[in-house]
Amino acid sequence: MSVYQQIERFRDRLTKSQPSAQLNVPSADVISTIEMHTGGEPLRVIVTGTPELTGNTVLERRACLRDEHDIFRKQLMFEPRGHADMYGCVLVPPNDADGDFGIIFLHNEGYSTMCGHAIIAISTLAWNMGWKTAREGDDNILLIDAPCGRITSFAEIENGKVSQIRFHCVPSFTTSLDQEIQIPGVGSIFYDVAFGGAFYAYVDLAKNNLDFSITPANYQEAIRLGSSIKRAVIETNREIVHPLEPEMSFLYGTIFIEAAHDPNNHSRNVCVFADGEVDRCPTGSGVSGRMAIHFARDEVAMGQKIRVESIINTCFTGSVVEKRTFAGRDAVIPEIEGSAYLVGQNNFWIETGDPIKSGFLLR
């Protein structure tokens, strides 16, 4: 039985055990989720209640969800069931028989092309739920089709449970190094752009003499400045173009970088993405893009690992495991390591008569 068939069996069992009738819930749609976090960043795994998605690939099913059923995303990401920084995913069939399953990522603005923390979390869930038979050691492999392409994840199993996940991202590359933009009220900002499954603008705080540090106390300043930089880069940079997929040719977020707060680590970063959403973890796709930048500048060697902190002090480890040519440009395959944890399980009801059943956001 394939991994996706195991996921479907799990969905069927959950659907048959819904407690809504026992609680006398009036006419309502029921959606079941499993709640997780990776380095503090939430992942709401939507297990049942997903609308039927047409298409033959993850990108086609993602387009169907976006274009025909976007209210579903809002109901699960927005208040009162979510919040402005909620993140979720839907599991779908893989693109071909070689893959284990596909994944669609959801957030406050729409649908991202890649998410490293979600890959780490869903890989942890898959092995711990027994969707694929695991064995002791670190050679347990899942082939996951994300919108940006196929991701290979590796689970380390100790005493029957996942202790660590690492994944190989899609080919990652730089498009713009040492660029300059003007930000009203701030002045010149120097930045780099790289793709690690999504495009990010990278801003080194020390190089720009920006007077704030990556801490929870500066959360709102990170949103304000990160959103301003994102808008300015979108308006001025014409090199944010994916060589193969037009759907991926957009700037997803801004990543601020500074020296590590723990001297045992390499550095610290925070990502402001989508509509001012702040990543609590170091951002797996963002660290993938950073590995492309560091490798292009000869700042890391092949196989050299760097440990990157988040705004809440959680860490991912990044390295470059392969150099390759991708669509005529120099690229690398980054490897990202991290751990995820289960938080809980929810049954959400979407009552027919609820005037705010479609959700809302306040920040």
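Given the condition loosely packed, with under 14 Cβ neighbours inside 10 Å, within 21 Å of S153 (Cα to Cα) and either out of contact with any strand residue (DSSP E or B) (no Cβ under 6 Å at 6 or more places or on another chain) or in contact (Cβ under 8 Å) with a residue 60 or more places away in the chain (or both), answer yes or no: does some residue in region 34-55 qualify? No, because not a single residue in region 34-55 is loosely packed, with under 14 Cβ neighbours inside 10 Å, within 21 Å of S153 (Cα to Cα) and either out of contact with any strand residue (DSSP E or B) (no Cβ under 6 Å at 6 or more places or on another chain) or in contact (Cβ under 8 Å) with a residue 60 or more places away in the chain (or both). One residue stands out among those in region 300-340 that are crowded, with 19+ Cβ neighbours inside 10 Å and of a type in the set (G, A, S): the one that is nearest to H242 (Cα to Cα), which is A331. Count of region 75-91 residues, restricted to those that are buried (at least 19 other Cβ atoms within 10 Å of the Cβ), part of a strand (DSSP E or B) and either free of Cβ contacts under 8 Å to residues at least 40 places away in the same chain or not aliphatic (A, V, I, L, M) (or both), is 2. Among the residues making up region 120-149, those that are assigned to a strand (DSSP E or B) and surrounded by fewer than 18 Cβ atoms within 10 Å (Cβ to Cβ) are G137, D138, D139, I141, L143.
Rundown of residues vs (1) closer than 19 Å to M114 by Cβ; (2) outside any helix (DSSP H, G or I), yes/no style:
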{"site": "D29", "(1), (2)": "no, yes"}
{"site": "M36", "(1), (2)": "yes, yes"}
{"site": "T50", "(1), (2)": "no, yes"}
{"site": "E60", "(1), (2)": "yes, no"}
{"site": "D67", "(1), (2)": "no, no"}
{"site": "R73", "(1), (2)": "yes, no"}
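From the list S267, S288, the one residue that fits, being small (G, A, S) and over 18 Å from G197 (Cβ atoms), is S267. Residues of region 133-157 that are of a type in the set (G, A, S) and closer than 21 Å to V332 by Cβ: A146, G149, S153.
Taken together, the values in this text are just the output of simple stated rules run on the coordinates, not laboratory data. Worth saying up front: this structure is predicted, and the values here are computed from it rather than measured. FYI the Cβ positions are ideal-geometry reconstructions off the backbone, even for glycines, and counts take in every protein chain you see.
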